[in-house]
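The values are calculated or read from the model by the stated rules, or taken from the named source; none is laboratory data. Model, not experiment: these values are computed from the prediction. Cβ sites come from the backbone with ideal geometry, for glycine too, and all protein chains shown count toward neighbours.
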Amino acid sequence: MGKLSKVEAHAPVRVPLATTPLGIWGSLQAGRRNVLELIPEIATHAPILSGTTGKRWHMVMDPDALHRILREKVEDYPKSLVTKLILEPAIGNSLFVAEGAEWMWQRRTAAPVFTHRNIAALAPVMTTAATRAAARFDAAAGRAIDAFDEMVTATFEVISDVTFSGQGFERAGVHKAIEAYIGQAAKLSLLDILGAPAWVPRPGRMFSAPALRQMKKMADGSIDQRRQRPATGVPDLLDLLLEGEDPKSGRKMNVDELRDNLLTFIVAGHETTALTLAWSLYLCAFDPKVQDEARAEAQGALGDRAATVTDLPALPLIRRIVDEALRMYPPAAFLSRTALKADTLCGREIRPQDTVILPIYAMHRHHAHWKDPDAFDPSRFSDPKSVKRFSYLPFGDGPRICIGASFALQEAVIILATLLARFRFGLVPGKAPKPVMILTLRPEGGVWLTVERA
Ligand code: HEM
């Protein structure tokens, strides 16, 4: 294989943020290439940026203003309509999209499902997926693999095993339907957020309705089966949600609500975790010194076992690599809200119906909050208290913070430690991953890495 170019060796890949002010045509053209390029470079320096592109919008990077939007005034800044339009066909009015009382009872019902104890009890599923991924990597040793593709397989095994495991759930079929959906549905999202006129052609407007129907039918079948024949052993997310009820009203989820929420966990949970892992492996390949230290840590803790939940305290560097990957390549690279009331953010007037964009990608590379923000440096997270609140938001914050954050972090550390203990990863010259924003921040063309047995 060839040598790395100067650019490849210098810094981990990044999105070329826009350096000139973009008018609507520029925005639309950039939007079609890569939504993240709509975020201007200056967003990594300024506290707030505002503009009008069909609609009035504000990009907010200031931690105090973010605190106000996500925590203090959360009811005045609901998720934007466009988020709902994209997600509703697949996951209904579930936890991720609902607002107000509809959201609150579902959150109260689902919160006990994600307690530390329940998540820890599901770790063996993650260890099994890590072992299987290691076997696939072993078979590929000496060659290059697409680490993203492999990690999607691993995280889908985990999430399908803890939601609809058992008969009646055709894993490959559901996976295909979800992938097709995610791949297509949201290519247009920022165009809509920035108020592109209705006649602008939207790529991927056509979701596959029959595929979605099929997916829901399969999910309903699994729920039905589980109701008739409760599973024995460690309760998974389906069992826990079946048993769950709103502690305040006693309301329980009906089949539609159960299905929509479990599909939400699959849609929200598997690709995001796969991305975290793929970018973590890429960063380790980029920095062999960090990779060697992480391998020593993993080998010291695991020997030749796969990682389990009890190993987590012995894997602090692996955890910091995951934290840093989530900073540099946040899978949810921007969040969006619609202002309901007049307000002031960073001295700027916010009017009802203004769009408020939270550009997580730009915040995580903001020069006021991070030293040398484009550099890979897991030691930033050595002292979690040194990270200013509301400047690091890979999982959002406030009442709507990701319900699956601990689940995802536990899974990522178990899989990453298992792989680093056994393999050495290297970059493939000329095949640097290209971060592109679709529904999530994805590496276009995959994350190609060489794999050698350690
Ligand atoms: C590294 C992996 C993950 C990342 C980066 C991530 C990121 C996020 C973010 C940023 C939000 C907040 C969205 C907003 O405020 O607009 C969110 C919400 C959510 N996530 Fe995750 N997530 C991940 C894994 C998971 C997993 C594993 C699950 C479930 C098993 C999950 C389920 C959810 C749900 C249900 C919500 C909505 C919560 C609510 O509104 O009450 N996520 N996630």
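Would you pick out the residues in the stretch 110-149 that are assigned to a helix (DSSP H, G or I) and not hydrophobic (A, V, I, L, M, F, W, C)?
Listed by number, the residues that qualify are PRO112, HIS116, ARG117, ASN118, PRO124, THR127, THR128, THR131, ARG132, ARG136, ASP138, ASP149.
Give the residue that is farthest from ALA298 (Cα to Cα), with candidates limited to residues of the stretch 79-107 that are within 10 Å of the ligand (Cβ to nearest atom) and over 20 Å from the mean Cα position of the chain (by Cα).
Here the residue is GLU99.
Conditions (1) under 25 Å from ALA177 (Cβ atoms); (2) small (Gly, Ala, Ser); (3) at pLDDT below 95, marked per residue:
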{"position": "PRO210", "(1), (2), (3)": "yes, no, yes"}
{"position": "ALA219", "(1), (2), (3)": "yes, yes, yes"}
{"position": "SER222", "(1), (2), (3)": "yes, yes, yes"}
{"position": "PRO235", "(1), (2), (3)": "no, no, yes"}
{"position": "ARG251", "(1), (2), (3)": "no, no, no"}
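Look through the stretch 242-292, keep the residues that are more than 12 Å from the chain's Cα centre (by Cα) and of a type in the set (Val, Ile, Thr), and return whichever of them is nearest to PRO316 (Cα to Cα).
VAL290
Could you say which residue among SER386, SER391 is touching a helix residue (DSSP H, G or I) at 6+ places or on another chain (Cβ under 7 Å), among the polar types (S, T, N, Q) and either within 25 Å of ASP64 (Cα to Cα) or buried (at least 17 other Cβ atoms within 10 Å of the Cβ) (or both)?
Matching residue, one of SER386, SER391: SER391.
Looking at MET363 and the list (1) under 14 Å from the mean Cα position of the chain (by Cα); (2) closer than 25 Å to VAL74 by Cα, which single condition is not satisfied?
Only one criterion is unmet by MET363, namely (1).
Would a scan of the stretch 48-58 turn up a residue that is surrounded by 16 or more Cβ atoms within 10 Å (Cβ to Cβ), part of a helix (DSSP H, G or I) and either at positive phi or within 16 Å of the ligand (Cβ to nearest atom) (or both)?
There is no residue in the stretch 48-58 that is surrounded by 16 or more Cβ atoms within 10 Å (Cβ to Cβ), part of a helix (DSSP H, G or I) and either at positive phi or within 16 Å of the ligand (Cβ to nearest atom) (or both).
If we scan the stretch 254-276, do we find a residue that is crowded, with 20+ Cβ neighbours inside 10 Å and either at positive phi or away from the ligand (no atom under 16 Å from the Cβ) (or both)?
The answer is no, given that none of the residues of the stretch 254-276 is crowded, with 20+ Cβ neighbours inside 10 Å and either at positive phi or away from the ligand (no atom under 16 Å from the Cβ) (or both).
From the list PHE407, PHE376, PHE390, which residue is closer than 30 Å to PRO78 by Cα, touching a residue at least 12 places away in the same chain (Cβ under 8 Å) and not in a helix (DSSP H, G or I)?
PHE390
So which of PHE376, PHE390, PHE381 ends up being more than 11 Å from the ligand (Cβ to nearest atom) and on the phi > 0 side of the Ramachandran plot?
When all the criteria are applied, what remains is PHE390.
If ASP220 passes every condition in (1) away from the ligand (no atom under 16 Å from the Cβ); (2) under 24 Å from ILE318 (Cβ atoms) but one, which one does it miss?
With (1) away from the ligand (no atom under 16 Å from the Cβ); (2) under 24 Å from ILE318 (Cβ atoms) applied to ASP220, the lone miss is (2).
Note down all Cβ pairs under 9 Å where the first residue falls in the stretch 33-62 and is within 16 Å of HIS366 (Cα to Cα), the second is polar (S, T, N, Q) and at pLDDT 90 or above, and they're at least six residues apart or on different chains.
What qualifies is MET61/THR44; MET61/SER391.
How many residues does the stretch 395-408 contain that are within 6 Å of the ligand (Cβ to nearest atom) and not charged (D, E, K, R)?
7
Residue check, TYR361 against (1) within 16 Å of the ligand (Cβ to nearest atom); (2) without any contact (Cβ under 8 Å) to a residue 60 or more places away in the chain, all met but one. Which one?
Among (1) within 16 Å of the ligand (Cβ to nearest atom); (2) without any contact (Cβ under 8 Å) to a residue 60 or more places away in the chain, the lone unmet condition for TYR361 is (2).
Consider LEU340 carefully, then state whether it is within 23 Å of GLY269 (Cα to Cα) and not hydroxyl-bearing (Ser, Thr, Tyr).
No; evaluated as a whole, the condition is false for this residue.
Condition check: closer than 30 Å to LEU240 by Cα, within 9 Å of the ligand (Cβ to nearest atom) and β-branched (Val, Ile, Thr). Does ILE318 satisfy that?
No: the conditions fail for ILE318.
From the list GLU411, GLU444, pick out the single residue that is within 22 Å of the chain's Cα centre (by Cα), under 30 Å from ARG337 (Cβ atoms), charged (D, E, K, R) and within 16 Å of the ligand (Cβ to nearest atom).
Matching residue, one of GLU411, GLU444: GLU411.
Does LEU419 qualify as being in contact with a Leu (Cβ under 9 Å, 6 or more places away or on another chain), surrounded by 15 or more Cβ atoms within 10 Å (Cβ to Cβ) and within 17 Å of TRP279 (Cβ to Cβ)? Working first, answer last.
Working: in contact with a Leu (Cβ under 9 Å, 6 or more places away or on another chain): yes; surrounded by 15 or more Cβ atoms within 10 Å (Cβ to Cβ): yes; within 17 Å of TRP279 (Cβ to Cβ): yes.
Answer is yes for this residue.
When the residues of the stretch 414-432 are narrowed to those that are in a loop (DSSP other than H, G, I, E, B) and not small (Gly, Ala, Ser), which ends up farthest from the ligand (Cβ to nearest atom)?
So the residue we want is PRO429.
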